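First up is the structure itself, then whatever we jot down about it.
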Number of protein chains: 2
Amino acid sequence: MENAVHRLVDPEEFKTGMRSLAGAVNIVTSMYAGCRYGMTATAVCSVSVAPPTVLVCVNRNAKTHAAIEKAGAFCVNVLRDEQCELSIAFSGAQSGEVRFRIAEWSELATGSPVLVCSLVSLDCRVIKKVTHGTHTIFLGAVEQILFGEKGRPLLYVEGKHAKIA
Amino acid sequence: MENAVHRLVDPEEFKTGMRSLAGAVNIVTSMYAGCRYGMTATAVCSVSVAPPTVLVCVNRNAKTHAAIEKAGAFCVNVLRDEQCELSIAFSGAQSGEVRFRIAEWSELATGSPVLVCSLVSLDCRVIKKVTHGTHTIFLGAVEQILFGEKGRPLLYVEGKHAKIA
């Protein structure tokens, strides 16, 4: 099955199609060798309740990818709809430690940076990884959850931030 | 790594946390032995552009799970924000073939049911699967895309359908 050759859709057409798929905006973080790493990501989803597991898809060229791999842990920080600034900062507008000074961060079980004012933060230990093309899918067992501030999730759709009606 | 034992978060706390994570609502379909299968799912995400790949997380007890496994194919039909009725029908309110009579369906490369009036439908061939706990993650190579009707995606958050502002 894995070696079959198929006629695939054109990548540009795929990108256009995926723009329609709205997703919650998260900052996925990790801590390695005393440095904090993070990136904005929408490719996050729930896998199973038993055991509590989420997955994140991360580009193998991202610095956060190397950190997650080495640390064996990550935190999914779900942003509130007022937190566009954080989303933009962690999308490449800024880099390194300076981005973490925009808000307050803490840590829980794994040591990954936890955004104190997120909607919710899921602190995860990597239990499986699947490499596919340019990306790795990291499955994380959820060890601890921080319920941050009340609010609604920030969304990303059609290449723009959006809110829930 | 896969055999490590960790202290996990309580499943009820996990469910509460995941309710905050907004997601687009999709009907994931498959066709096996002349029968159409489908289920509403939010656990869908983009994996990589090269090759164009998406993933769906499906409970192993779902009938659609068996169909996807046997057919080796599925279609992700992204719903528009007017299509609550379809979302509810495929969430268990109805079962079997009757649910497919609510709207018009077609098929593309894989033979999986394609919702003609979706926002976008991604017709996929299964290229990898990862079993984890109660669920299987199916990775699908996107072979063909139908751009359905213009509109905005239907969302699901805090246990309810929602729209984009």
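The values are calculated or read from the model by the stated rules, or taken from the named source; none is laboratory data. This is a predicted model, so every value here is computed, not measured. A quick note on method: Cβ atoms are made from the backbone with ideal geometry, for glycine too, and the neighbour counts reach across all protein chains shown. What goes into the accessible areas is simple: the full protein's heavy atoms, side chains included, and nothing from ligands, DNA or RNA. Shrake-Rupley method; radii C 1.70, N 1.55, O 1.52, S 1.80 Å.
Listing for the model above:
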{"item": "Accessible area buried at the B-A interface, both sides summed, 1.4 Å probe (Å², nearest 100)", "result": "5600"}
{"item": "Average accessible area per residue (Å²) across the protein assembly as shown - probe 1.4 Å, nucleic acids and ligands excluded", "result": "42"}
{"item": "Per-q log10 I(q)/I(0), the stretch B:23-158, q = 0.08, 0.16, 0.21 Å⁻¹ (Debye; single scatterer per alpha-carbon; no solvent)", "result": "-0.17, -0.72, -1.34"}
{"item": "Nonlocal amide H pairs with B:Val47, under 5 Å, H built at 1.01 Å", "result": "B:Thr53, B:Val54, B:Leu55"}
{"item": "Per-peptide average of other Cβ atoms within 10 Å, ordering A:84-93, B:36-45, A:16-25 highest first", "result": "B:36-45, A:16-25, A:84-93"}
{"item": "Shielding by other protein chains, B:28-34, mean Cβ within 10 Å", "result": "0"}
{"item": "Cα-derived Rg to Rh of the protein assembly as shown, Kirkwood definition", "result": "0.95"}
{"item": "Greater than 29 Å apart at Cα, pairs in A:Lys160/B:Lys160; B:Lys129/B:Lys150; A:Lys160/B:Lys129; A:Lys15/A:Lys129", "result": "B:Lys129/B:Lys150; A:Lys160/B:Lys129"}
{"item": "In nm, spacing of pseudo-spin labels at B:Ala66 and B:Arg7 (7 Å Cα→C-beta vector)", "result": "4.1"}
{"item": "Solvent-accessible surface ranking, highest first, for A:Val9, A:Val98 at 1.4 angstrom", "result": "A:Val98, A:Val9"}
{"item": "Distance between modelled label sites at B:Glu107 and A:Glu104, nm, 7 Å Cα→Cβ extension", "result": "5.8"}
{"item": "Residue-averaged 222 nm ellipticity for chain B, from DSSP H runs of 4+ at -39500 (n - 2.57), nearest 500", "result": "-3500 deg cm²/dmol"}
{"item": "Label geometry 7 Å along the beta-carbon vector: B:Arg19 inter-copy distances in nm", "result": "3.5"}
